[in-house]
Amino acid sequence: MSEITGGELLLRCLHAEGIQYVNAITDGTYMMVIEAIERLGDELGIKLIVPRHEAAAAHACDAYTRVTGEPAVVMACAGPGAANLLAGLMCAQAEGSPVIAITTTRRSDMSDSYIHQGGMQVSHHLDIFRPAVKWNGKVDHWARIPDMIRQAFRMATSGRPGPTHVLIPEDIISQKGDEGSVDIWTPEKYRVTAKIPADPALIRQAAEMLIDAELVNIHCGNGAERAGASNEVLQLAEYLGCPVTATIRARGIIPDTHALSFHPTCMSRIVANSQADLVLAVGTRLGELNMWGKPPMFGEPGKQKLIQIDTEPTHIGLNKPTDIPLVGDARCILSQLTEAVKALTGKRPPHEKIAELRMIQDEWQKELDGLVADTQQKPMLTGQILTACNDFFGEDAVFVMDGGNTTLWDIHYHIARQQRSVIYSMNYGHLGTGLPYAIGAKLALPDRHVYCVTGDSAFGFNMQELETAVRNNLPVIIIVAVDGAYGMEKSAQLRQFGREADWFGHDHAPVRYDQLANAMGCHGEYVETGDDVRPALERAVQSGKPAVIHAVVDPDANVDPPGNWLWAAARSGKME
């Protein structure tokens, strides 16, 4: 048999996993991986995507996993490259994204064991990465590359998904070995790839509890989205005639326009959560932004029953006592539940509570619509950007949110129409993810529109990735809501001190982001009113390039956006 480098062996392992992209900045410590991609990339269907910053590469992988449900791979070099990667992996960990990170060290005789002797770009990688990932390990021998890659994918995709990390010295990547001496296995040969159902006895109990309840509320988190459970949620909800609510992370699990869907930042959602005598929690831990599943957002544990669906057993009863735990794949379990419910009762009409919830939400929507009615207002409101995007983009468009107060406008005004169509760093709140997320989503879904509405502060973190989008022909559209400041910090300052203060450091120097985009080879637009947005979107799409629309928004209105009270309440744990 022929001899191959560790770099080629690694690439063939990734090919067996179905990986299409390796996101990495080219570096000498893994030159043999890059050489293998150059030589075998077309044959194996693997392409190298080179970003301008490693954190952005990890963010792109994070988004790729969210819209596909499949793992993604990022690489970084010894020392500084690996350090840059950490922020992206911490974000992926918070969001439950199966990102496999591969970093290099210097050659084995320059490993972290000898860091005290002053080696260049040598650091304690395993120790540094361990808190940011589900699992990590080091390859100490050429022949163990397949074993360690399998373990990284096994751990990344099991239970609650999350990032993993493999450390490989550069000499092992460059070393040659007998290709016939190692085995490369496809996923179904070594890890669970089938969807895991729940215990049938527990399904029967849960079905009986569902039909006996006075008011059921199906509340979905990102586990429902990861499972792709939209149709199953909808079928069960329509059969029971019950309201469906979702975390902000699971927007689109059923369309916002559906009669049984209630918006996560509307009081209708809180009424549904708190007044239901039974909550079916699908893929959510009921964390901080759900106020831990406790009153006043949810009902009293002694009075409100909980059926909890989760792939991760340790999430059961984590924040709220659970009456029936259903461990397994959300999509599979919801199908089981629907069949069991159908066997016990006929289809029910919408619960009488639905009309009340709809009235609450309609009044809320009327107020939101009134705020953005004057489309000639100058400067515009951020919500007017979203209303124009809702009208312009089709149902299959992928929407990315980024920023602080900008995301509150995004959440309130964007209409989510499909699962896996809304991407946001909800659990980590990481600024700067918007453009890299858009790039990752566009890599995964090249035939669908991908657009991002971001604040100017957030955009500043990774705007260098416009060049990455140009170089890889990824025509994403970025709308930058420009108020010239860290708007959410202004809000916090006003709440804390009751005044503004020059020393707070929240204001930016003026920047024309459309001109910056033009300089980087993108299409640029400058808009000042809501009426200007749609024509700018049309020209952006027609350009066929990555595009940046600089949208001047009202800085005063941006200090206290819709839903700011709810955000503050959830963060403080006090809802008055």
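Of note:
- Any hit, segment 59-74, residues being hydrophobic (A, V, I, L, M, F, W, C), outside any helix (DSSP H, G or I), at negative phi and modelled with pLDDT under 95: no
- Residue, farthest from the chain's Cα centre (by Cα), within segment 335-374, restricted to residues that are among the small types (Gly, Ala, Ser) and part of a helix (DSSP H, G or I): Ala343
Here is a yes/no grid of residues against (1) modelled with pLDDT of 95 or more; (2) in the same structural domain as Met380 (by TED's automatic domain parsing); (3) in contact with a Phe, Trp or Tyr (Cβ under 7 Å, 6 or more places away or on another chain):
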| residue | (1), (2), (3) |
| --- | --- |
| Tyr428 | no, yes, no |
| Gly432 | no, yes, yes |
| Pro446 | yes, yes, no |
| His449 | yes, yes, yes |
| Val453 | yes, yes, no |
| Gly460 | no, yes, no |
| Glu467 | yes, yes, no |
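- Residue in segment 446-456 that is of a type in the set (S, T, N, Q) and over 21 Å from the mean Cα position of the chain (by Cα) present: no
- Residue match in segment 375-396 (condition: in the same structural domain as Ile479 (by TED's automatic domain parsing), in a loop (DSSP other than H, G, I, E, B) and under 20 Å from Ile248 (Cα atoms)): yes
- Considered as a group, the residues in segment 73-95 that are surrounded by fewer than 23 Cβ atoms within 10 Å (Cβ to Cβ) and among the hydrophobic types (A, V, I, L, M, F, W, C) include one that is farthest from the chain's Cα centre (by Cα), and that residue is Ala83.
- Every condition in (1) under 22 Å from Arg512 (Cα atoms); (2) within 15 Å of the chain's Cα centre (by Cα); (3) surrounded by fewer than 20 Cβ atoms within 10 Å (Cβ to Cβ) is met by Leu435 except one, and the failing one is (3).
- Residues satisfying the stated conditions in segment 456-492, i.e. out of contact with any strand residue (DSSP E or B) (no Cβ under 7 Å at 6 or more places or on another chain) and more than 25 Å from Met380 (Cβ to Cβ): Gln464, Glu465, Glu467, Thr468, Ala469, Val470, Arg471, Asn473, Leu474
- Gly404 passes every criterion in (1) buried (at least 24 other Cβ atoms within 10 Å of the Cβ); (2) among the small types (Gly, Ala, Ser); (3) within 18 Å of Phe459 (Cβ to Cβ) apart from (1).
- Restricting attention to segment 344-386, the residues being of a type in the set (Val, Ile, Thr) and closer than 19 Å to Asn564 by Cα number 4.
- Among the numbered conditions (1) in contact with a Phe, Trp or Tyr (Cβ under 9 Å, 6 or more places away or on another chain); (2) more than 20 Å from Gly283 (Cβ to Cβ); (3) surrounded by 14 or more Cβ atoms within 10 Å (Cβ to Cβ), the only one that Lys347 does not meet is (3).
- Test: residue in segment 480-497 that is farther than 19 Å from Pro562 by Cα, free of Cβ contacts under 8 Å to residues at least 24 places away in the same chain and of a type in the set (Phe, Trp, Tyr): yes
- Considering the conditions (1) in contact with an Asp or Glu (Cβ under 7 Å, 6 or more places away or on another chain); (2) closer than 19 Å to Asp323 by Cα; (3) not basic (Lys, Arg), Ala250 is excluded by exactly one of them, (2).
- Residue under evaluation Ile34, criteria (1) part of a helix (DSSP H, G or I); (2) in contact with a Ser or Thr (Cβ under 7 Å, 6 or more places away or on another chain); (3) under 21 Å from Gly434 (Cα atoms), criterion not met: (3)
- Top-ranked residue in segment 80-101 [being part of a helix (DSSP H, G or I) and polar (S, T, N, Q); ranked as farthest from Arg154 (Cα to Cα)]: Asn84
- Any hit, segment 159-175, residues being surrounded by fewer than 23 Cβ atoms within 10 Å (Cβ to Cβ), over 30 Å from Ile4 (Cα atoms) and at pLDDT below 95: yes
Here is a yes/no grid of residues against (1) among the aromatic types (Phe, Trp, Tyr); (2) farther than 26 Å from Tyr526 by Cα:
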| site | (1), (2) |
| --- | --- |
| Leu337 | no, yes |
| Leu344 | no, yes |
| Pro349 | no, yes |
| Gln377 | no, no |
| Leu381 | no, no |
| Phe393 | yes, no |
| Thr406 | no, no |
| Gln419 | no, yes |
| Asn427 | no, yes |
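- Members of segment 240-267 that are crowded, with 22+ Cβ neighbours inside 10 Å, closer than 14 Å to His351 by Cβ and either at pLDDT below 95 or among the aliphatic types (A, V, I, L, M) (or both): Leu240, Val244, Leu260
- Residues of segment 283-322 that turn out to be of a type in the set (A, V, I, L, M, F, W, C) and either farther than 22 Å from Val271 by Cβ or within 22 Å of the chain's Cα centre (by Cα) (or both), as a count: 7
- Those strands (runs of 3 or more DSSP E) lying entirely in segment 206-289 with at least 1 residues free of Cβ contacts under 8 Å to residues at least 60 places away in the same chain and in contact with a Phe, Trp or Tyr (Cβ under 6 Å, 6 or more places away or on another chain): 244-246
- Verdict on Ala458 being in contact (Cβ under 8 Å) with a residue 40 or more places away in the chain, touching a Gly at 6+ places or on another chain (Cβ under 7 Å) and under 30 Å from Ile19 (Cβ atoms): yes
- Unique match (being surrounded by 14 or more Cβ atoms within 10 Å (Cβ to Cβ) and closer than 19 Å to Gly241 by Cα) among Gln308, Gln304: Gln304
The values are calculated or read from the model by the stated rules, or taken from the named source; none is laboratory data. As the structure is a prediction and not an experimental result, all values here were calculated from the model. Don't worry about glycine lacking a Cβ; one is built from the backbone with ideal geometry, like all the others, and counts go over all protein chains shown.
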